[in-house]
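Colleague: This is the structure I want to talk about, given as structure tokens.
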Amino acid sequence: MKVLLTASRILVGEARMVGLIGALELVPNKPSRREKFADTGKVGTICRDISFRNGLVMRATRDSMIISPPLVIKHEEADELIRRATKTLDETLSVLKAQGLMR
């Protein structure tokens, strides 16, 4: 999951995992990764709302998205989780650009 969601997504500065629990750190400038969004938590909340609309439960902690799937998950379900997370990140980026929060 880390490689799939970090490599191709401009919003994801870092992906962390312990077991099945993962966190995606959302950043405005991926190359630096140290830069944070001006209004801490706003981007996380936007992403959380979009994830809910996409049928994926991700919890926003500031601008980190927490993913905690069931302890028993099939390969097909994990693939669906990645698909929905990818869609959520893409839609979040579109909203941020429309609101002028990202270039």
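Colleague: Identify, please: which residue in region 32-42 is touching a Gly at 6+ places or on another chain (Cβ under 9 Å) and either of a type in the set (F, W, Y) or surrounded by 12 or more Cβ atoms within 10 Å (Cβ to Cβ) (or both) and is, among those, nearest to K97 (Cα to Cα)?
Modeller: F37
Colleague: Suppose the filter is farther than 20 Å from R33 by Cβ and either of a type outside the set (F, W, Y) or touching a His at 6+ places or on another chain (Cβ under 8 Å) (or both); does D63 pass it?
Modeller: Taking the combined requirement at face value, the residue does not satisfy it.
Colleague: Moving to a separate point now. Being aliphatic (A, V, I, L, M), assigned to a helix (DSSP H, G or I) and surrounded by 12 or more Cβ atoms within 10 Å (Cβ to Cβ) is the filter here; which residues of region 82-103 pass it?
Modeller: I82, A85, L89, L93, V95, L96
Colleague: Can you confirm whether G55 is part of a loop (DSSP other than H, G, I, E, B) and touching a helix residue (DSSP H, G or I) at 6+ places or on another chain (Cβ under 7 Å)?
Modeller: It is true that G55 is part of a loop (DSSP other than H, G, I, E, B) and touching a helix residue (DSSP H, G or I) at 6+ places or on another chain (Cβ under 7 Å).
Colleague: Across region 62-81, which residue is surrounded by the most Cβ atoms within 10 Å (Cβ to Cβ) among those that are within 17 Å of G13 (Cα to Cα) and either free of Cβ contacts under 8 Å to residues at least 24 places away in the same chain or of a type in the set (A, V, I, L, M) (or both)?
Modeller: From region 62-81, those within 17 Å of G13 (Cα to Cα) are 62-67; that's our starting set.
Next cut, either free of Cβ contacts under 8 Å to residues at least 24 places away in the same chain or of a type in the set (A, V, I, L, M) (or both) only: 62, 65-67.
Numbers: R62: 15, M65: 28, I66: 16, I67: 22.
Once the filter is applied, the top-ranked residue is M65.
Colleague: Right, something else. Could you tell me how many of the residues in region 1-31 are surrounded by 14 or more Cβ atoms within 10 Å (Cβ to Cβ), of a type in the set (V, I, T) and at pLDDT 80 or above?
Modeller: Summing the residues that are surrounded by 14 or more Cβ atoms within 10 Å (Cβ to Cβ), of a type in the set (V, I, T) and at pLDDT 80 or above in region 1-31 gives 3.
The values are calculated or read from the model by the stated rules, or taken from the named source; none is laboratory data. Not measured: the values here are computed from a predicted model. Virtual Cβ from ideal backbone geometry, glycine too; neighbours counted across all protein chains shown.
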